[in-house]
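These notes concern the structure reproduced below.
The values are calculated or read from the model by the stated rules, or taken from the named source; none is laboratory data. None of these values were measured; they are calculated from a predicted model. Quick reminder, even Gly has a Cβ in these numbers, built from the backbone with ideal geometry, and neighbours come from all protein chains shown. When the accessible area is computed, the model is the full protein with side chains, heavy atoms only, and any ligands, DNA or RNA have been set aside. Shrake-Rupley method; radii C 1.70, N 1.55, O 1.52, S 1.80 Å.
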Amino acid sequence: MRLRSVVLLAGAATLLPQASAAQQGPPHTSVYDADYLRDLPGSRDLFSLLETSEPLTMADRWDGGGLYLGEAGRLTARGASWTQTVFHLDGLDLSDPLVGGRPLVQPWHEALTSMDFAIGGARRDATGPGPLVALTTVRPQDNWAGALALDARLGGSGDPAPPAIARFDHWRRGALTAAGPLSDSVGLTIAGQTGSSARFVRGRVAPDPSSAHALLLGLHWKAGDRDRVIVRAVGQKTEIPYSDRSVFGDAGLVEDEDAFHASAAWERRTSSGAGWTLAGGLVRARADGDPGTTVRTIERLVDGPAALLAVPGQTERSRIEMAGTFSPAALGAHALQAGLRVVRGSAVVRPSTPLWTVAEQVDGFPGRVWDFEQDAQWRPHIDEVTLHLADSWQAASWLRVDAALPLHLARASGLSWTTLAPRLDVRAQVAGPLTAFGSFSRDAHLLPLALFAFGDPDAMRGASYRWNDRDGDGRFTPSERGILISRTGPGAPVGSIDTSLPRPHTDEWRIGLEAAFSPTVRVRLEGVARESHGLWESLNTGVPISSYDQRLIFDPSGDIVGSGDDQLLPVYDRRPASFGRDALLLTGVEENSLYEGAELQFIAGTPRARIWVSGTAHRSVGAGGNRSFRPSENDQGLVGERYDDPNANTYDRGRLFSDRAFTIKIAGAWHAPWDVRLGSVARYQDGQPFSRVAVVPDLRQGADFVMAIPRGRARYTFAITWDARVEKVFRVGRSQVSGVIEVFNLLDNVNETEEDIVTGPEYRTPTFLQPPRTFRGGVRIAF
């Protein structure tokens, strides 16, 4: 494999954290320390700064200064599926074991001393090819210190036309942190936040409310000169718009979620330099959603596949983990480490109703009616063990080698996997400040529990019927349910699992140059190639493509004006003899997903100013699990409709959701004279890839659609944002009182975020725009 991408862009200057030891390590690492988390404009959650400033990250939404209070976002980097992103709090995993890619607890900035982002290279015990977001909570020092922050939205621009994809009704938030000694050997950390907001989403008339409340307690015991014992607990309660998770629930209905995380750790460091850490923890979250009505109507081109919508009711997710590392004293030029991590992830899915119905339209045409059922609790679990050995070897004054050999064991649904994931990174000083590096790493994929619903008799299953909307009112009544078309899983008896199912893995190759002009000024240029193998999909073995009649429809192809590239597009009409004979097998498919990219970073810093300029040129190529462009569709980590229905296979391979082609991100902070603190984040990224679709209203199975061009041949307009923060500090005795002003989308750009994707005269008409400019004000009291 060879790199086909090259860096074609250079950035303007901004300010970022000083280079740290972690940043100089083998993987791509970004370190946000407490000052940086404070100084940069953002939502004060995990996602906004990673979205706007982290060089490699792509996010599933426009944060706009806090539009998604209490809601976990989806992040990806280097072409990895968003389901492979991992979140750690003080070394323990917070990630959702059911669907992956989201934390069950969401710590806020004021409770953290750092937020690190790492991907690739010789990471030691990390599982999954996606990024690792590592969060470290505040620790008490020798004297009590803390801060109270109060913020609220002050106003902003009105709703543009077409409407914004999301805009504020209101937003307000408060956070308090205090940490200090209780005695010579015991310290305490207390941190809490509370906030509420409401937003208008996708042109809705009524606002969707949300709220988040959380409390963190940490007890730190110095058990002598060598030992530290730390006990922490985090409780969180959120209310978020249920209509964003499922079609069940109108605007105004909310999903309540209670989450709890408790952990304990023992750290020992000896005078010889040896040390170990033992830690254990539990994280659990329970979500209760109001289903509203059990009969809903969706638009497939907007809401996605009916079969993948959330089950109405209650869902519990939990993760129990024990982890330990041992680092012996340095053995000459070798720094060794061994580690063991044991995890059980589990879930309980309890429907609020045993039967629910979704009536599906396709571009306004009646398609199918889906009846879903689940009459029992579904209780999946997975057991995982990771053992790793690692060495950092200073082979010569100019040569360092980092190596790791994790062994991953996993068992779920009666299946088991054993995977070795070798990692090697070599760094050689070429001349003066210039260092060359290269690495290879293999990552075993995370296995979300949702995949093991296939073949489980307690999991969701359903059937689809023709929707005979005789009166044309777009509202389903039971008399309009037509003939049976298909049966669907993933539950048994329709769904099943291949007993020889392989565990997917991703291989990464990196090569690059880094110039360290001083401990705080660095430039890095690297090329990266990644390839994923053994991805999972469901295969409809009961209704092969031979069960369809193919017909060709005229399509204007890439140029809908001229006729030079017109095409005949294949469409598949299902034969009635195959109706209801579906059998879905979860299996590995013989195809790959590919990432190729070039990445450039410039980082510099002084005690008062920090600068970070980054740019990428990349492409992410693969096949999304479902048709269309959203993260629930155009992502290779999802098991969807591709092999269940041949109409989902046309032009199914192309640029993935995570692909933005070219990006520039700029972030910075300056502690200016007169106790003024300035922060700024700006970004440019190419538009989201999509495929134009052709709607076919007269198929035997009901109205359907096919993708008419490869994903990525068309893109939405590029994204450009600039956020800024100004803080003026006033000293009152030993305390500091600050006034804060923040502005998001400073230039009030209104580029489109989505367009009409249907072939016809409205094709590429903007449907939603980016969130408008928003102002926020606040007060901060430090003591």
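Give segment 672-698 a look and list any residue that's small (Gly, Ala, Ser) and within 31 Å of the chain's Cα centre (by Cα), or say none. Full working, then the answer.
Within segment 672-698, the first condition is being small (Gly, Ala, Ser), and the residues that meet it are 672, 679-680, 682, 687, 691, 694.
Matches in segment 672-698: GLY679, SER680, ALA682, GLY687, SER691, ALA694.
So which strands (runs of 3 or more DSSP E) stay within segment 25-118 end to end and still have 1 or more residues that are surrounded by fewer than 24 Cβ atoms within 10 Å (Cβ to Cβ) and touching a residue at least 60 places away in the same chain (Cβ under 8 Å)?
The qualifying strands (runs of 3 or more DSSP E) are 28-33, 86-89.
The rows are residues; the columns are (1) closer than 30 Å to ARG470 by Cα; (2) in contact with a strand residue (DSSP E or B) (Cβ under 7 Å, 6 or more places away or on another chain).
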{"site": "ALA329", "(1), (2)": "no, no"}
{"site": "GLN337", "(1), (2)": "no, yes"}
{"site": "ALA347", "(1), (2)": "no, yes"}
{"site": "SER352", "(1), (2)": "no, yes"}
{"site": "LEU355", "(1), (2)": "yes, yes"}
{"site": "VAL358", "(1), (2)": "yes, yes"}
{"site": "VAL362", "(1), (2)": "yes, yes"}
{"site": "PRO366", "(1), (2)": "yes, yes"}
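Can you tell me which residue in segment 234-253 is modelled with the highest pLDDT, limited to those that are in contact with a Gly (Cβ under 8 Å, 6 or more places away or on another chain) and open to solvent by 10 Å² or more (accessible area, probe 1.4 Å)?
GLU239
Does ALA410 satisfy the condition of being within 27 Å of the chain's Cα centre (by Cα), small (Gly, Ala, Ser) and farther than 19 Å from PHE440 by Cβ? Give the derivation first.
Numbers: within 27 Å of the chain's Cα centre (by Cα): yes; small (Gly, Ala, Ser): yes; farther than 19 Å from PHE440 by Cβ: yes.
Criteria met by ALA410.
Name, by its number, the condition in (1) of a type in the set (Val, Ile, Thr); (2) out of contact with any strand residue (DSSP E or B) (no Cβ under 8 Å at 6 or more places or on another chain); (3) without any contact (Cβ under 8 Å) to a residue 60 or more places away in the chain that does not hold for VAL737.
(2)
Please list, ordered by residue number, the strands (runs of 3 or more DSSP E) wholly in segment 691-778 having 2 or more residues that are in contact with a helix residue (DSSP H, G or I) (Cβ under 7 Å, 6 or more places away or on another chain), open to solvent by less than 20 Å² (accessible area, probe 1.4 Å) and under 30 Å from GLY482 (Cβ atoms). Quick ask: steps written out before the conclusion?
On the way: elements: 693-696, 704-707, 719-732, 735-744, 752-755, 766-769.
Hits in segment 691-778: 704-707.
Is there a residue being closer than 25 Å to PRO448 by Cβ, assigned to a loop (DSSP other than H, G, I, E, B) and over 18 Å from the mean Cα position of the chain (by Cα) anywhere in segment 625-639?
Filtering segment 625-639 down to residues closer than 25 Å to PRO448 by Cβ leaves 625-639.
Checking the rest, the ones that are also assigned to a loop (DSSP other than H, G, I, E, B) come to 625-639.
From what's left, over 18 Å from the mean Cα position of the chain (by Cα): 627-628.
There is at least one residue in segment 625-639 that is closer than 25 Å to PRO448 by Cβ, assigned to a loop (DSSP other than H, G, I, E, B) and over 18 Å from the mean Cα position of the chain (by Cα).
Does segment 567-584 hold any residues that are surrounded by fewer than 20 Cβ atoms within 10 Å (Cβ to Cβ) and either of a type in the set (Asp, Glu) or touching a strand residue (DSSP E or B) at 6+ places or on another chain (Cβ under 6 Å) (or both), and which are they?
First, the residues of segment 567-584 that are surrounded by fewer than 20 Cβ atoms within 10 Å (Cβ to Cβ): 567-568, 570, 573, 575-578, 580-581, 583.
Selection gives GLN567, LEU568, PRO570, ASP573, GLY580.
Looking for whichever is touching a residue at least 40 places away in the same chain (Cβ under 8 Å), of a type in the set (Gly, Ala, Ser) and open to solvent by 20 Å² or more (accessible area, probe 1.4 Å) here; the options are GLY637, GLY668, GLY597, GLY624. Which one fits? Quick ask: steps written out before the conclusion?
Values: GLY668 fails: open to solvent by 20 Å² or more (accessible area, probe 1.4 Å); GLY597 fails: open to solvent by 20 Å² or more (accessible area, probe 1.4 Å); GLY624 fails: open to solvent by 20 Å² or more (accessible area, probe 1.4 Å).
One residue alone meets the criteria, GLY637.
Considering segment 656-692 alone, what residues qualify as being of a type in the set (A, V, I, L, M, F, W, C) and out of contact with any Leu (no Cβ under 7 Å at 6 or more places or on another chain)? Can you show your working first?
If we filter segment 656-692 for residues that are of a type in the set (A, V, I, L, M, F, W, C), which is where we start, we get 656-657, 661-662, 664, 666-667, 669-670, 672, 674, 676, 678, 681-682, 690.
Passing the criteria: LEU656, PHE657, ALA661, ILE666, TRP674, VAL676, LEU678, ALA682, PHE690.
If I ask for residues that are among the hydroxyl-bearing types (Ser, Thr, Tyr) and either open to solvent by 30 Å² or more (accessible area, probe 1.4 Å) or not in a loop (DSSP other than H, G, I, E, B) (or both), which ones from segment 322-367 would you list? If you could, list the steps in order and put the result at the bottom.
In the first step, residues of segment 322-367 are kept if they are among the hydroxyl-bearing types (Ser, Thr, Tyr); the result is 325, 327, 346, 352-353, 357.
Hits for segment 322-367 are THR325, SER327, SER346, SER352, THR357.
When you look at ASP686, is it under 30 Å from ARG700 (Cβ atoms) and open to solvent by 10 Å² or more (accessible area, probe 1.4 Å), yes or no?
Answer is no for this residue.
Give me the residue from segment 403-444 that is hydroxyl-bearing (Ser, Thr, Tyr) and either out of contact with any Asp or Glu (no Cβ under 9 Å at 6 or more places or on another chain) or in a strand (DSSP E or B) (or both) and, out of that set, farthest from LEU539 (Cα to Cα). Even if it seems obvious, please write down each step before you answer.
Filtering segment 403-444 down to residues hydroxyl-bearing (Ser, Thr, Tyr) leaves 413, 416, 418-419, 435, 439, 441.
Going one step further and asking which of them are either out of contact with any Asp or Glu (no Cβ under 9 Å at 6 or more places or on another chain) or in a strand (DSSP E or B) (or both), we end up with 416, 418-419, 435, 439, 441.
Working: SER416: 21, THR418: 24, THR419: 25, THR435: 48, SER439: 36, SER441: 30 Å.
If we take residues in segment 403-444 being hydroxyl-bearing (Ser, Thr, Tyr) and either out of contact with any Asp or Glu (no Cβ under 9 Å at 6 or more places or on another chain) or in a strand (DSSP E or B) (or both), then THR435 is farthest from LEU539 (Cα to Cα).
All but one of (1) modelled with pLDDT of 95 or more; (2) under 18 Å from ASP375 (Cβ atoms); (3) small (Gly, Ala, Ser) hold for ALA310, so report the exception by its number.
(1)
Within segment 147-171, can you find the residues that are among the charged types (D, E, K, R) and in contact with a Leu (Cβ under 8 Å, 6 or more places away or on another chain)?
Narrowing segment 147-171 to residues among the charged types (D, E, K, R): 151, 153, 159, 167, 169.
Of everything in segment 147-171, just one residue is among the charged types (D, E, K, R) and in contact with a Leu (Cβ under 8 Å, 6 or more places away or on another chain), namely ARG167.
Cβ contacts < 6 Å: first residue under 20 Å from SER496 (Cβ atoms) and at pLDDT 95 or above, restricted to segment 407-425; second residue acidic (Asp, Glu) and surrounded by fewer than 17 Cβ atoms within 10 Å (Cβ to Cβ), any location; separation 6+ or different chain. Result?
What qualifies is ARG411/ASP383.
Pairs only if they're at least six apart or on different chains, beta carbon under 8 angstrom, first in segment 556-577 and at positive phi and of a type outside the set (D, E, K, R), second in a strand (DSSP E or B) and modelled with pLDDT of 85 or more; list them, first residue then second.
SER557/GLN567
Of the numbered conditions (1) in a loop (DSSP other than H, G, I, E, B); (2) of a type in the set (Lys, Arg); (3) under 15 Å from LEU56 (Cα atoms), ARG619 fails exactly one; give the number of that condition.
(1) is the only condition that ARG619 fails.
Please find, among LEU154, LEU148, LEU176, the residue that is open to solvent by 30 Å² or more (accessible area, probe 1.4 Å), more than 25 Å from GLN236 (Cα to Cα) and not in a loop (DSSP other than H, G, I, E, B). Let's see the steps before the verdict.
Values: LEU148 fails: more than 25 Å from GLN236 (Cα to Cα); LEU176 fails: more than 25 Å from GLN236 (Cα to Cα).
None of the others qualify; the one that does is LEU154.
Tell me whether segment 372-382 contains one or more residues that are assigned to a strand (DSSP E or B), open to solvent by 50 Å² or more (accessible area, probe 1.4 Å) and either modelled with pLDDT under 95 or of a type in the set (D, E, K, R) (or both). Write out each step before concluding.
Within segment 372-382, the first condition is being assigned to a strand (DSSP E or B), and the residues that meet it are 372-373, 378, 381-382.
If we keep only those that are open to solvent by 50 Å² or more (accessible area, probe 1.4 Å) too, we end up with 373, 381.
Adding the requirement that they be either modelled with pLDDT under 95 or of a type in the set (D, E, K, R) (or both) leaves 373.
Yes, the conditions are met somewhere in segment 372-382.
Determine whether GLU599 is part of a loop (DSSP other than H, G, I, E, B) and either farther than 24 Å from PHE452 by Cα or not β-branched (Val, Ile, Thr) (or both). Walk me through it before giving the result.
On the way: part of a loop (DSSP other than H, G, I, E, B): no; either farther than 24 Å from PHE452 by Cα or not β-branched (Val, Ile, Thr) (or both): yes.
In short, no.
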